[in-house]
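The values are calculated or read from the model by the stated rules, or taken from the named source; none is laboratory data. Every value quoted in this text rests on a predicted model; they were computed, and no experiment measured them. Here the Cβ is made from the backbone with ideal geometry for all residues, glycine too, and neighbour counts use every protein chain on show. SASA here: full protein model, heavy atoms, side chains in, ligands and nucleic acids out. Shrake-Rupley method; radii C 1.70, N 1.55, O 1.52, S 1.80 Å.
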Amino acid sequence: MEKKIGVYICTGCGIGDALDIDALSKVASKEYKADICKTDAFLCGKNGIELIKADIEGEGVNTVVVVGCSSRINTDVFNFGSDKIVERVNLREQVIWCHTNDDEDTQMLAEDYVRMSLAKLKNLNIPEPFIGENLSSTVLVVGGGFTGLTAALESAKAGYKTVLVEKEDTLGGYVGKMYKQIPTKPPFTDLEENSIPALIKAVEDAGVKVYTSAGIAKTDGGPGMFDVTIAQNGSETEERVGAIVLAAGAKPYDPEKLGHLGFGKYENVITQLMFEEMVAAGKMEANKVAFIQCAGSRDQEHLPYCSAACCIESIKQALYVKEKNAEANVYVYYKDIRSNGQYEHFYKRAQQEGVIFVKGDITDISESDGQLTIEADDHTMGTKSEADEFDLVVLANGMVPSAALGELIEEEAAEAEAAAAADEPKVTVPPIIKSNLLNLEYRQGPELPSLKYGFPDSHYICFPYETRRTGIYAAGVVRAPMDMLSAMEDATGAALKAIQCIESTMKGEAVHPRSGDMSFPEFNMNRCTQCKRCTEECPFGAINEDAKANPLPNPTRCRRCGTCMGACPERIISFKNYSVPMIGNMVKAIEVPEEDEEKPRILIFACENDAIPALDMAGINRLQYNPWVRIIPVRCLGSLNLVWVNDAMAKGFDGVLLMGCKHGDDYQCHFMKGSELAEIRLSKISETLNRLGLESERVRATTVNIMDYDKIPAMLDDFAAELEELGPNPMKDFQ
Amino acid sequence: MIEQTNKLPEKVKYDLTFAREIYSLENGAYIKQCMQCGMCAVSCSTCDIMDYSPRKLFNLIKLGKKDEVMQANTFWYCTSCCTCKARCPRGIPLVDVMHDLKKYALDNGYCNYPQAAFYKAFWAEVASRGRSFESGITARYFLIQGLDEVIKYMDMKDVGIDMLKHNRLPFLPPKKVKDLGNLKKIIRKAQELAQREARS
Ligand code: SF4
Ligand code: SF4
Ligand code: SF4
Ligand code: SF4
């Protein structure tokens, strides 16, 4: 596309008073030869927009540079259709609101930002969306228990063709075996009838295609075009689906491992599920019953986590006993009663019915004549305690996600590569367990990577239901331990996510956080060395390998983070609107003053997800910071290509700072590993810098979350002060 | 504040008979919903000198420890300041529960605490006249406690003299309230109702 560039400088919001607008215009029209350069006192107002539209129509402007406020606001106002490029230069939040007005340094900053944007435009093109062939809008739900049925029902009700696969011969799963279920509505005190029969009927009525006694033999493709092979009774069927909800549930923790609580030793020590089935069959006769909570859960020897549902399940079961005989003696031994949210009412109800709750650790369970005695350390009273003549002891044995049942796939140490990469620190890969649920045809492994304890969760704050495989959404107890109410919410949420993914894929758009982004990575294959870095580092498993070991991108799986672009040592991966040369041009467009001018320069690569909003917030709060900084937004620090840092150092920048999200266990990175990868890559550059005679302290990474905006000035000032200690970059003179 | 150490037996054994009896008192059922959060214990102004904090007392009731509960000073040391009642997240009217426990203790012959004697003296005095009469209460109190107790209380004589000086300790009893008969009827009826409620 031949670009016709129109630069529109807004003088509103105080910009006109703080800067020399004529000088700015000259940068655009003289230095960068923009076709049109105009100013307006209120660019986002009716007249301002008209001004731009008139040039689009009359002059054929197709590339609009809006010089004004942050690109995070007024996006709808400055939208001139998908065939026009719109580039924003942020003079408001990141220049005049956080730097001295009418000042030489502030003016230089503003001019540099205009240069950077115009330089970036040289290589930038309008993305052409990737629309796959033969796209499907069917939702596949794996698992026919409470969560799966709910998800299937919700997606069918939303008008999407839905397929459900269940491995058992009947639907219903764990909940299906229950006598009654916990309350799911106010006042949260009453037992409810089992909802599974009604749910099954609703799912059938909604026209969901159900496969029972069936499993997924293979999942190929990506969003919009998953080809799923369903194995059923020895035969195989193929279904093409658009997105997948994984609702494979959990299994009760193996009670055989709870011998210390008498399981397997005494006949009358049973599990929650056994108790449920006993009551449902009308065979529960016991009048003195003890429930033992956390039998396995919250125990480093067994399951380190809280299984989240057993407390209220035991409360419910205690009420079964009381329902049958109000005089029955019911005891619940617990570590803590975790009756989250509204279930506090349910807990209180059980107390009112006279269920005795004992906070204590079981020290011994013994039996004589079929009656059980429990000894415990009673923590509220601080004594040892004993209770006897129990007819039945029920263990709350917790849950293990189906995704954790299987063998951990050891990362194959591909010898040659491993040797080559031996000196490079490697990012830790999330564990993948061969659990036979999805059998993905993905280069990175056959199942979803897990976050912790085998739960295939992804971002624990920002993206519930989201997994690390685009288009596959985990819901219910396979994702995290939870009660039925949360599972219901999960099922609905995941169904909606699946639908959102299908719709976005149809339009060739990314799912969040870059929702609406039409770009996708393009590979210049003739220079590929088959190093496989892109394949390994893509956080979403979007890149497979073809028969000749070349990277094989699956654009619909891509979430447009650019991690592959940052990873490629050959720099052959790029997006139409984001590429290594584009950012490189921005770096080169910045004017770095000579050493004797005593104006240092600091380059900041800031992640668009948290760091850029935090910088904007600093501006909104009028926090003043160092004017030597030049900020370049990046999609994710994972897209950082080391050549940018090289360019910056060669150009004479005194320091480079990477601002990304927190990584590690409780990471906040929206693309899982971006900031971690950037730091690892950075550790490689230190050596190069040292070799060039440059101090490696000049290049630094830091983490920022959106609420850290108030710390930004100090962060930048401290870095500037340290750079001053080091003195100017000696490369300046070579420019 | 650190909760007092108490006089617990080495090992407790749960027995619900006593618990059920206490639950049947007017406010007794509330005890069931105590979740042992300890708010009452940290709020209580006399918790330091109690044998068991309210929280622990409730737990002892649940365990069925009749003697420990009834011989405890806890409810006798409750000053009815109402802080616990106002703060209990489970809405337990602790002060009312404490009153029930006092009454239960008296009815069941657990009257070893001087407060129990005072309780009785005050009540008898008010019931007989419809008004309180300090000298009368004192006399009744010493009668219940046994006269040799008086010696122990001699060191309180200054208080008595001060009260006399300020006209707070009249020698002559006040007049009975008008229509004392009707007041007695009201009290009788209330007692009947309380008993019936407790039985249901
Ligand atoms: S829900 Fe209750 S019983 Fe289950 S693990 Fe959590 S605290 Fe323990
Ligand atoms: S942009 Fe991100 S999601 Fe897409 S292929 Fe590259 S690394 Fe994977
Ligand atoms: S990282 Fe670059 S060179 Fe390596 S395999 Fe991927 S595309 Fe090829
Ligand atoms: S404050 Fe209420 S719920 Fe908490 S321990 Fe005291 S009585 Fe129990």
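Data for the structure
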read-out	value
Lone qualifier among A:D254, A:D336, A:D299 - being among the acidic types (D, E) and within 16 Å of ligand 4 (Cβ to nearest atom)	A:D336
Identity of the residue in region A:514-564, assigned to a loop (DSSP other than H, G, I, E, B) and acidic (D, E), that ends up nearest to ligand 4 (Cβ to nearest atom)	A:D517
All helices (runs of 4 or more DSSP H) inside region A:101-207 with 1 or more residues being polar (S, T, N, Q) and within 28 Å of A:T505 (Cβ to Cβ)	A:146-157
Total residues in region B:73-93, condition within 13 Å of another protein chain (Cβ to nearest Cβ) and open to solvent by less than 50 Å² (accessible area, probe 1.4 Å)	4
Condition check for A:K322: away from ligand 4 (no atom under 16 Å from the Cβ), more than 30 Å from A:R468 (Cβ to Cβ) and within 14 Å of chain B (Cβ to nearest Cβ)	yes
One residue from A:I680, A:I632, A:I685 being over 20 Å from A:I602 (Cβ atoms), of a type in the set (V, I, T) and either part of a helix (DSSP H, G or I) or open to solvent by less than 10 Å² (accessible area, probe 1.4 Å) (or both)	A:I680
Number of the condition not met by A:G242 [criteria: (1) outside the structural domain of A:Y465 (by TED's automatic domain parsing); (2) touching a residue at least 12 places away in the same chain (Cβ under 8 Å); (3) crowded, with 16+ Cβ neighbours inside 10 Å]	(1)
Qualifying residue in region A:177-187 (condition: hydrophobic (A, V, I, L, M, F, W, C) and out of contact with any Asp or Glu (no Cβ under 8 Å at 6 or more places or on another chain))	no
A:M488 open to solvent by 40 Å² or more (accessible area, probe 1.4 Å), away from ligand 4 (no atom under 16 Å from the Cβ) and either within 14 Å of chain B (Cβ to nearest Cβ) or closer than 20 Å to A:E128 by Cβ (or both)	no
Residue list for region A:370-400, restricted to those being of a type in the set (D, E), surrounded by fewer than 21 Cβ atoms within 10 Å (Cβ to Cβ), within 11 Å of chain B (Cβ to nearest Cβ) and farther than 13 Å from A:G262 by Cβ	A:D377, A:E386, A:D388, A:E389
Yes/no for B:A105 being closer than 30 Å to B:V42 by Cβ, more than 16 Å from ligand 4 (Cβ to nearest atom) and more than 14 Å from every other protein chain (Cβ to nearest Cβ)	yes
Some residue of region A:79-88 being out of contact with any helix residue (DSSP H, G or I) (no Cβ under 7 Å at 6 or more places or on another chain), outside the structural domain of A:V587 (by TED's automatic domain parsing) and small (G, A, S)	yes
Single match in A:N626, A:N609 (criterion: part of a loop (DSSP other than H, G, I, E, B), under 25 Å from the mean Cα position of the chain (by Cα) and away from ligand 3 (no atom under 16 Å from the Cβ))	A:N609
Given (1) aromatic (F, W, Y); (2) closer than 17 Å to A:M284 by Cα; (3) out of contact with any helix residue (DSSP H, G or I) (no Cβ under 6 Å at 6 or more places or on another chain), index of the condition A:Y320 fails	(3)
Residue within region A:551-561 that is away from ligand 1 (no atom under 16 Å from the Cβ), crowded, with 21+ Cβ neighbours inside 10 Å and within 19 Å of A:I680 (Cβ to Cβ) present	yes
Within region A:332-348, tally of residues that are more than 9 Å from chain B (Cβ to nearest Cβ) and open to solvent by less than 60 Å² (accessible area, probe 1.4 Å)	7
Top-ranked residue of region A:357-369 - restricted to ones that are farther than 19 Å from A:G259 by Cβ and open to solvent by 30 Å² or more (accessible area, probe 1.4 Å), ranked as nearest to the other protein chains (Cβ to nearest Cβ)	A:K359
Contacts under 8 angstrom Cβ, first residue in region B:17-41 being at the interface with chain A (Cβ under 9 Å from one of its Cβ atoms) and in contact (Cβ under 8 Å) with a residue 40 or more places away in the chain, partner open to solvent by 40 Å² or more (accessible area, probe 1.4 Å) and basic (K, R), 6 or more apart	B:Q33/A:K348; B:M35/A:K348
All strands (runs of 3 or more DSSP E) inside region A:27-99 with 1 or more residues being open to solvent by 40 Å² or more (accessible area, probe 1.4 Å) and farther than 24 Å from A:I583 by Cα	A:36-40
Filtered residue count, region A:275-295, keeping only those that are away from ligand 1 (no atom under 16 Å from the Cβ) and more than 14 Å from chain B (Cβ to nearest Cβ)	10
Residues located in region A:272-296, provided they are out of contact with any strand residue (DSSP E or B) (no Cβ under 6 Å at 6 or more places or on another chain) and surrounded by fewer than 22 Cβ atoms within 10 Å (Cβ to Cβ)	A:M274, A:E277, A:M278, A:V279, A:A280, A:A281, A:G282, A:K283, A:M284, A:E285, A:N287
One residue from A:P539, A:P513 being touching a His at 6+ places or on another chain (Cβ under 8 Å), open to solvent by 10 Å² or more (accessible area, probe 1.4 Å) and within 14 Å of ligand 2 (Cβ to nearest atom)	A:P513
Strands (runs of 3 or more DSSP E) within region A:229-338 that include 2 or more residues under 34 Å from the mean Cα position of the chain (by Cα) and at pLDDT 95 or above	A:235-241, A:243-246, A:250-252
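Quick grid of which residues meet (1) crowded, with 23+ Cβ neighbours inside 10 Å; (2) not aromatic (F, W, Y):
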| position | (1), (2) |
| --- | --- |
| A:P430 | no, yes |
| A:K434 | no, yes |
| A:D457 | yes, yes |
| A:F463 | no, no |
| A:A474 | yes, yes |
| A:M484 | yes, yes |
| A:A495 | yes, yes |
| A:T505 | yes, yes |
